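Read-outs throughout are calculated quantities, based only on the coordinates presented, and are distinct from any laboratory measurement. What you are looking at is a predicted structure, and each value in this text was computed from that prediction instead of being measured. Neighbour counts run over all protein chains shown; Cβ positions are idealised from the backbone, glycine included.
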Amino acid sequence: MSEAARGGGASSGSWRMPAEWERHNCTWLGWPQRPDELEQPASKAHAAVAAAVAEFEPVFICATDKQAAGVQEIRERTVMEAGAISVDGQGTLLTTEERLRNPERAPHLSRRQYERLFRRRPGVQARLRQDGGYKRSLAALRVLEQERDAHGRPLRVIKLPVPDPPLHYTAEEAEGATESHGSRGEEGNLIVASYINFHLVNEGVVVPLYGRKHSDKQAVRILQQSFPGRRVVGVQARSIALGGGSIHCITLPQPAGPGKAGAA
């Protein structure tokens, strides 16, 4: 959190998590740590993302032996990455139950306990929704179309396509991956890939592309229409998707300092 995100003293209750579309000081990017044959293509894809982000703001790389001197930490009884939640900087927090209650995170916390945990943050109104699978995505869409933010305003839902045709493991990709990393699968298995996994930067949007000419162009067009004041930059991200995520999963914005917290 930046100084601009503080609402008072140094206690955790006085801090605010700004929206991703607010001004950044920089972006932090996690470098891939893979012991298998897919590390080299993943590193090239990560470097392409870093170069795209650097067109708009500074980029810092997180690798091994990370140091965090001088960073104030707010501890909670859960495990999650920043991409597990989405906030608007005005009290609204959206997340999904399956992501947070994954057995590798904090399955001991119930849905209601998670909501109470998030609501301890000043002004946050948290709702956990289920996700995963096309039918449940449609159900989630119906819920979100009826939902309101922390100020009672209706949510605007923007629909993006999925890569068409879908991505599947090639024989080479399946042979080169290990069981312990990402969405490991056999030849022909589905690779989870989404255009929603984009990263907002100052005056820009960095969006994953997957070598699908029509759907890639469609996603870029929709995002450009949705963010008219920003330049949309696409980066080929298939190698990142093989690790079980995409651009939003490997990046984290650092909010701007005092006097710079407006929309980027």
Identify, among Ala219, Leu242, Gln254, the residue whose Cα sits farthest towards the positive end of the charge dipole of the range 208-255, taking +1 on the Cβ of Lys and Arg and -1 on the Cβ of Asp and Glu, with the dipole about the Cα centre. Ala219
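Ranking request for peptides 93-105, 195-207: highest mean number of other beta-carbon atoms within 10 Å first, then the rest in descending order.
Details: 93-105: 15.8, 195-207: 22.3.
Descending packing order for the listed peptides: 195-207, 93-105.
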Separation between Cα centres of the range 216-250 and the range 51-65, rounded to whole Å: 17 Å
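Take each of the peptides 163-175, 210-222, average the number of other beta-carbon atoms within 10 Å over its residues, and list them starting from the highest. Walk me through the numbers before you get to the answer.
Details: 163-175: 14.9, 210-222: 16.5.
Most protected by this proxy first, the peptides run 210-222, 163-175.
Using the Cα centre as the reference, give the magnitude of the dipole from point charges on the C-beta atoms of the range 185-237 (Lys, Arg: +1; Asp, Glu: -1; all else neutral), rounded to the nearest 20 debye.
On the way: 6 positive and 4 negative charges, 69 e Å.
It works out to roughly 340 debye.
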Can you list residues whose amide H is under 5 Å from Val235's amide H, if they're 5+ apart or on another chain and H is modeled 1.01 Å from N? Val207, Leu209
